[in-house]
Amino acid sequence: MNKLLVALAALASAVPAHAEAIDLGAFGQAYFNAWTATQAPNATAADLENYLSLLTDDVGHQHLPYDPDSTRHPTGKADMREGMTYYLGAHTAYSAELGMVTPGYNVVVITYSTASSGVHPQTGETIEQSYDTLEVLEIEDGKVAVIRKYSE
């Protein structure tokens, strides 16, 4: 029995410790705050980088019904940076209300409602939107690896 305990103790010390678990509820709140900052009329490149810091470099992004593919690519974060930079500051008004943050096993589900208006940077068209969103954030090593966004 003592040999078994010594062997188990040796095995436990040889196995690397896992990264400290993060509070997924707090992470979901921080994600929501960072996201909404990127949508504000006065959003800056620093706001965008703060949001992107929460994502893996190869993040996958699915936004149904517009974009059904959530495949992770090595340039996922860089692609998001390029797309989001194009629209940065395009809103003339933006508000968001967090509904809930529900943590699970390596996942955070958040719901929120938004209302926005702005001018499309390419067409110059005025756009007004109001919708409810559910986002499923798949977490890997403390960062968002896949975003699944469902909007009405």
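The values are calculated or read from the model by the stated rules, or taken from the named source; none is laboratory data. Please read all numbers here as calculations on a predicted model, not as lab measurements. All accessible areas refer to the heavy atoms of the entire protein, side chains included, with ligands and DNA or RNA removed. Shrake-Rupley method; radii C 1.70, N 1.55, O 1.52, S 1.80 Å.
Our coupling estimate for the stretch 97-113, obtained by passing each phi through the Karplus curve with A = 6.51, B = -1.76, C = 1.60 and θ = phi - 60°, is 10, 6, x, 7, 10, 10, x, x, 7, 6, 8, 10, 10, 10, 10, 7, 10 Hz, Gly and Pro reported as x. Shown in residue order for the stretch 29-35 are the 3J(HN,Hα) couplings computed by the Karplus curve 6.51 cos²θ - 1.76 cosθ + 1.60 at θ = phi - 60°: 5, 5, 4, 4, 4, 5, 4 Hz (x for Gly and Pro). For the chain, the relative contact order comes to 23 percent (Cα pairs under 8 Å, sequence separation of at least 6).
Work out, in µm²/s and without decimals, the Stokes-Einstein translational diffusion coefficient of the stretch 24-84 at 20 °C, 1.002 mPa s, Rh from Kirkwood over C-alpha pairs. Stokes-Einstein gives a translational diffusion coefficient of 174 µm²/s.
The residues of the chain expose, per residue, 60 Å² of accessible area to a 1.4 Å probe. Residues whose amide H lies under 5 Å from that of residue 146, counting only those 5 or more places away or on a different chain, are 60, 138; hydrogens are built 1.01 Å from N in the peptide plane. Shape analysis of the stretch 68-152 yields a ratio of the Cα radius of gyration to the Kirkwood radius, Rg/Rh, of 1.01.
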